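Data block below; observations after.
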């Protein structure tokens, strides 16, 4: 179910955004919904990353020894 929200922005910014969207044969609503889905998904992506890191925390990177300096 879609829910309406109201946003505020500079009129000139809205006009430029509408013009660009029109060139792309898109609407600002469609572009905003896509952006919102990506934005909301970032938190979920971060949670997934953190869970993965917890699962594999037993794996430690192998550290190469520092090269010896010849004096």
Got a number for residues in region 29-56 being at pLDDT below 75 and outside any helix (DSSP H, G or I)? 0
Filter result for residue 23 (loosely packed, with under 10 Cβ neighbours inside 10 Å and modelled with pLDDT of 80 or more): yes
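The values are calculated or read from the model by the stated rules, or taken from the named source; none is laboratory data. What you see is a predicted model, and the numbers here were worked out from it, not measured in a lab. In this analysis, Cβ positions are derived from the backbone assuming ideal geometry, glycine residues included, and neighbour counts consider all displayed protein chains.
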